[in-house]
Amino acid sequence: MLPDLIEVVPPARPPHCTVVLPGSKSLTNRALILAALAGGTVTLTGALWSEDTQAMADCLRRLGFGVDVSDDPDEPANRTFVVQGGGGRIPNAGTPDKPLELFVENAGTAARFLPPMLCLGSGSYRVSGIPRMHERPQAALVQALRALGYRIDTPNDRLPAVVHGTGPRPGAACTVSVEDSSQFASALLLSAGIGGWQVTVSGANEDELPYVDMTRRLVKDFPWRGGTYAIEADASGASYFWGADWLLRDGGGRVRVEPTPRSGLQADQKFLDLVAQGPWRGSYSRQTDLADSIMTAIVLAPFAATPTRFTELGRLRVQECERVAALRTELTKCGARVEENGDTLTVHPGPLHGATIETYNDHRVAMCFGMLGLRVPGMRLLKPACVRKTFPNFFAKLAGLGAGITDGTGRPLGGAALLA
């Protein structure tokens, strides 16, 4: 288990390595919902086994679904799930006086994807998470579910919330805004077929909603009567190792990523062409260019030849932490010149030095600055185990590139000590 403070020591020689990626968290948690709603037994291969997907699996088990989990021989952070679908029926429920408790931890996908599914049940369910999850937006989803005719009890339109399921409502219609998160639309679309709902998406153009497109494609391609579905490798996780290749190639190092996500399902697949292999651009947008991997690009930007603007970052402020402020603060600690203007960060080129990085219990902050440690000596990370949310063996993968990982006393870490 990772200690509360680690240091990433750059490789002693240029690495020539291949990194095997775990499965996508976004696809795994969508597929788990669909598998539970399916009309047969569904096997999910190459699925991620992390804090977020464990939270989803635990909630489905509490709802009465059979969810069997076995190891994946090709990747330690993956599992094979066998889910006994209920054909739209939810086996377990509570009562208004004693709702069935579902704890989603810090998993935004579970917090958003479960409530519409719970509306299809027959009974009451209380959905809660860690304190940060109770601060994150949920209002647009709550309002859409109420428009469909369901009762959702929450005093502030956030979690914790009690969902009162009354089954499908064929012909019911709602409009959902995605200004705060596209997960609201995805949540409704995952259950809309069983619910008989008509869902209209507002608040953005269709080309700004790659995760909604992912959901639609997954719903269309899913084996609804039972079968096998293969989860694609995680493109957001790939960005750290595509970024490692970009950081290290000037010194003769090369990092190859396998399997390379190429289906077009994941928005962060574009990181490879827009950043890692393409000419560095002067501007990148969170809405139209990159999704979560824009954080990876922001941390790489001090090594670009000219200043880089990162625009339309507003959604980063309401995720696992206030990510815009976190990136500006921690990069500045490392000697970078970073300007924040509204929802735009401008990062100027210049040398970096090591620093002690606050990770804010945010897996992506930890992985961004962990990647940076491949080139910048003295990068120390506080509470690095937060990577368990989506990539529990991330630091083992860094060590596989030749990086040294030490604890606060300088003692080298290896084996199980590198796992979150």
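The values are calculated or read from the model by the stated rules, or taken from the named source; none is laboratory data. In this text the structure is predicted, and so the values were computed from the model without any measurement. A quick note on method: Cβ atoms are made from the backbone with ideal geometry, for glycine too, and the neighbour counts reach across all protein chains shown. Calculation scope for accessible area: heavy atoms of the full protein, side chains included, ligands and nucleic acids excluded. Shrake-Rupley method; radii C 1.70, N 1.55, O 1.52, S 1.80 Å.
Put 134, 348 in order of accessible area, largest first, 1.4 Å probe: what do you get? The partial results should precede the final answer.
Numbers: 134 50, 348 30 Å².
The most accessible residue leads, giving 134, 348.
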5 angstrom amide H check on residue 161, placed H, neighbours 5+ away: 127
Radius 12 Å from Cβ of residue 403, net charge of other residues (Lys, Arg +1; Asp, Glu -1): +2
Per-residue HN-Hα couplings for the range 44-50 [Karplus 6.51, -1.76, 1.60; θ = phi - 60°; Hz; x = Gly/Pro]: 9, 9, x, 7, 6, 10, 9
Rounded accessible area of residue 152 (nearest 10 Å², 1.4 Å probe): 10 Å²
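All other residues with a Cβ under 13 Å from the Cβ of residue 197 taken together, and with Lys, Arg as +1 and Asp, Glu as -1, what is their net charge? Mind dumping the intermediate values first?
Details: positive: 146, 169; negative: none.
Neighbourhood net charge equals +2.
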Distance-filtered residues of the range 39-68 - backbone nitrogen under 18 Å, label point 7 angstrom along residue 98 Cα→Cβ: 62-64
Degrees between helix 363-372 axis and first principal axis of the chain (Cα, 0 to 90, nearest 10): 20 degrees
Checked the range 85-206 with the C-alpha gyration tensor, a ≥ b ≥ c its square-rooted eigenvalues, rounded below a/c of 1.5, otherwise prolate if a/b is larger than b/c and oblate if not; verdict oblate
Hey, rough spin-label estimate for residue 416 and residue 230, points 7 angstrom out along Cα→Cβ, what's it come to in nanometres? 3.3 nm
The chain - mean residue ellipticity at 222 nm from DSSP helices (-39,500 (n - 2.57) per run, n ≥ 4, rounded to 500): -9000 deg cm²/dmol
Residue-by-residue Karplus 3J(HN,Hα) for the range 111-120, coefficients 6.51, -1.76, 1.60, Hz, glycine and proline x: 4, 8, 6, 6, x, x, 4, 5, 4, 7
Reduced Cα scattering model of the range 348-389, Debye log10 I(q)/I(0), q = 0.15, 0.20, 0.24 Å⁻¹: -0.34, -0.57, -0.76
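Can you tell me what percent of all Cα-Cα pairs in the range 267-420 are more than 26 Å apart?
On the way: 2698 of 11781 pairs.
Of the Cα pairs, 23 percent sit more than 26 Å apart.
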Which net charge results when you count Lys and Arg as +1 and Asp and Glu as -1 among the other residues whose beta-carbon is under 15 Å from that of residue 221? +3
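Pairs of alpha-carbon atoms within less than 8 angstrom and 6+ residues apart define the contacts here; what relative contact order does the chain have, in percent?
Numbers: 979 pairs, mean separation 90.3, N = 420.
With pairs under 8 Å counted, the relative contact order is 22 percent.
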Taking a virtual spin label 7 Å from the Cα of residue 18 along the C-beta vector, which residues in the range 254-285 bring their backbone nitrogen under 11 Å of it? 256-260
Solvent exposure, largest accessible area first (probe 1.4 Å, DNA, RNA and ligands not counted), of 224, 280, 197: 224, 280, 197
D for the range 21-111, whole µm²/s, Stokes-Einstein with Kirkwood Rh over alpha-carbon pairs at 4 °C and 1.567 mPa s: what number? 97 µm²/s
If I histogram all Cα-Cα distances within the range 190-270 using bins 10 Å wide from 0, what percent of pairs lands in each bin? 14, 34, 29, 15, 6, 1
To the nearest 10 square angstrom, what accessible area does residue 103 show with a 1.4 Å probe? 100 Å²
Of the accessible area of the range 92-140, computed with a 1.4 Å probe and all protein chains kept, carbon and sulfur make up a percent value of 53 percent
In whole Å, what are the extents of the range 135-250 along the principal axes defined by its C-alpha atoms, from largest to smallest? 58, 37, 27
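About the Cα centre of the range 150-288, how large is the charge dipole given +1 on each Lys and Arg Cβ and -1 on each Asp and Glu Cβ? Please answer in debye to the nearest 20. Show your work: numbers first, answer last.
On the way: 14 positive and 16 negative charges, 60 e Å.
The dipole of the range 150-288 has a size of about 280 debye.
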Projecting each Cα onto the charge dipole of the range 109-206 (Lys/Arg +1, Asp/Glu -1 at the beta carbon, about the Cα centre), which of 125, 197, 149 comes out farthest on the positive side? 125
Would you kindly find the accessible area of residue 80, with a 1.4 Å probe and non-protein molecules such as ligands, DNA and RNA excluded, rounding to the nearest 10 Å²? 30 Å²
Which residues qualify? For residue 47, with a placed amide H closer than 5 Å and at least 5 residues away or on another chain, they are 79, 81, 231
Separation of the range 187-241 and the range 362-401 by C-alpha centroid, Å? 28 Å
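When a/c reaches 1.5 or more, the comparison of a/b and b/c decides; with that in mind, is the range 269-314 rounded, prolate or oblate per its Cα gyration tensor?
Values: a/c = 1.64, a/b = 1.16, b/c = 1.42.
Cα axes put the range 269-314 in the oblate bin.
When a/c is below 1.5 the answer is rounded, else prolate if a/b is larger than b/c, else oblate, so apply that to the range 1-59 with a ≥ b ≥ c taken from the square roots of the Cα gyration tensor eigenvalues. Show your work: numbers first, answer last.
Values: a/c = 4.87, a/b = 2.11, b/c = 2.31.
Oblate, since a/c reaches 1.5 and b/c is not below a/b.
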Any idea what the dipole of the chain comes to, in debye rounded to 20, about its Cα centre with Lys/Arg Cβ at +1 and Asp/Glu Cβ at -1? 220 debye
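Relative to the Cα centre, what is the charge dipole magnitude of the range 281-420, using +1 at the beta carbon of each Lys and Arg, -1 at the beta carbon of each Asp and Glu, and rounding to the nearest 20 debye? Walk me through the numbers on the way to the answer.
Working: 17 positive and 12 negative charges, 54 e Å.
The calculated dipole for the range 281-420 is roughly 260 debye.
What accessible area per residue, rounded to a whole number of Å², is obtained for the chain using a probe radius of 1.4 Å?
Details: 15350 Å² over 420 residues.
Per-residue accessible area for the chain comes out at 37 Å².
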Between Rg and the Kirkwood Rh of the chain, both from Cα atoms, what is the Rg to Rh ratio? 0.97
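Suppose we take every Cα in the range 371-420 and form the convex hull; what volume per residue is that in Å³?
Details: hull volume 3.8 nm³, N = 50.
Measuring per residue, one finds 76 Å³ for the Cα hull of the range 371-420.
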Of the trypsin sites (Lys or Arg not before Pro) in the range 183-276, which ones lie in a loop per DSSP and count no more than 16 other C-beta atoms within 10 Å? 225, 262
For 182, 202, what's the largest-to-smallest order of accessible area, 1.4 Å probe? 202, 182
Calculated from backbone phi, Karplus (6.51, -1.76, 1.60) coupling profile of the range 188-201 in Hz, x at Gly/Pro: 5, 5, 4, 9, 5, x, 5, x, x, 8, 9, 10, 10, 9
